[in-house]
């Protein structure tokens, strides 16, 4: 079964378990809660993300997003997860493992977002830890990397509390919200 079709199945797997949250691949029927949470949290999220296209929250754009995710999954280059609160199953954010490189690197990059109503309640740290366990366990990666802008102290705290170490500083590292922005660089190596 192709990865794209997996996203339309009732149980596409894998499911990552945290204490407060669980993560799973996005599905077509997640569109409405995803779009509502992203719209509700737009002012909170946009300063930290690439510029949103005009149609970003439309059903058509969501389907295109799922198709792109499916291609990455099929190639083993990325694992996009939506994050749900364990108590009630509400969609609260997402964690994505991407730029997965095999061969001598065995490395990947982690990115994440959380809806504003759910921020600073420990959910993101729980989701990041579940994704780290998956990356070093099932995926067999040796190293994970992440980055955040210097003024995003909550994101840096999530990374540090989740076991990442700060490794450096990259000027004009990523184009965020229309501008090239400096980033703090973090990394973690699997325990032997």
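Residue pairs whose Cβ atoms lie under 7 Å apart, separated by 6 or more positions or on different chains, with the first residue in segment 45-66 and loosely packed, with under 13 Cβ neighbours inside 10 Å and the second in a helix (DSSP H, G or I) and modelled with pLDDT of 95 or more, are 53/61; 55/61; 59/31.
Is it the case that segment 8-15 has a residue that's more than 24 Å from residue 132 (Cβ to Cβ), in contact with a helix residue (DSSP H, G or I) (Cβ under 6 Å, 6 or more places away or on another chain), assigned to a loop (DSSP other than H, G, I, E, B) and at pLDDT below 95? Yes, the conditions are met somewhere in segment 8-15.
For the structure I just gave you, tell me whether residue 26 is closer than 21 Å to residue 89 by Cβ, buried (at least 16 other Cβ atoms within 10 Å of the Cβ), modelled with pLDDT under 95 and under 18 Å from the mean Cα position of the chain (by Cα). So residue 26 does not fit the description; no. Mind listing whichever residues of segment 133-150 are over 22 Å from residue 22 (Cα atoms), surrounded by 13 or more Cβ atoms within 10 Å (Cβ to Cβ) and out of contact with any helix residue (DSSP H, G or I) (no Cβ under 6 Å at 6 or more places or on another chain)? Within segment 133-150, 142, 143, 147, 149 meet the criteria. Filtering segment 71-119 to residues that are part of a loop (DSSP other than H, G, I, E, B), touching a strand residue (DSSP E or B) at 6+ places or on another chain (Cβ under 9 Å) and farther than 23 Å from residue 28 by Cα leaves 105, 106, 119. Quick one: would you say residue 110 is modelled with pLDDT of 95 or more, within 9 Å of the chain's Cα centre (by Cα) and buried (at least 21 other Cβ atoms within 10 Å of the Cβ)? Against the criterion (modelled with pLDDT of 95 or more, within 9 Å of the chain's Cα centre (by Cα) and buried (at least 21 other Cβ atoms within 10 Å of the Cβ)), residue 110 qualifies. Here residue 177 clears all of (1) surrounded by fewer than 16 Cβ atoms within 10 Å (Cβ to Cβ); (2) on the phi < 0 side of the Ramachandran plot; (3) in contact (Cβ under 8 Å) with a residue 60 or more places away in the chain except the condition numbered (2).
Applying the set (1) within 28 Å of residue 187 (Cα to Cα); (2) assigned to a helix (DSSP H, G or I); (3) in contact with a helix residue (DSSP H, G or I) (Cβ under 8 Å, 6 or more places away or on another chain); (4) modelled with pLDDT of 95 or more to residue 65 leaves exactly one unmet item: (3). I'd like the full set of residues that are farther than 21 Å from residue 166 by Cβ and assigned to a helix (DSSP H, G or I), limited to segment 134-154. Selection gives 134 alone.
The values are calculated or read from the model by the stated rules, or taken from the named source; none is laboratory data. Just so it is clear, the model here is predicted, and its values are computed rather than measured. FYI the Cβ positions are ideal-geometry reconstructions off the backbone, even for glycines, and counts take in every protein chain you see.
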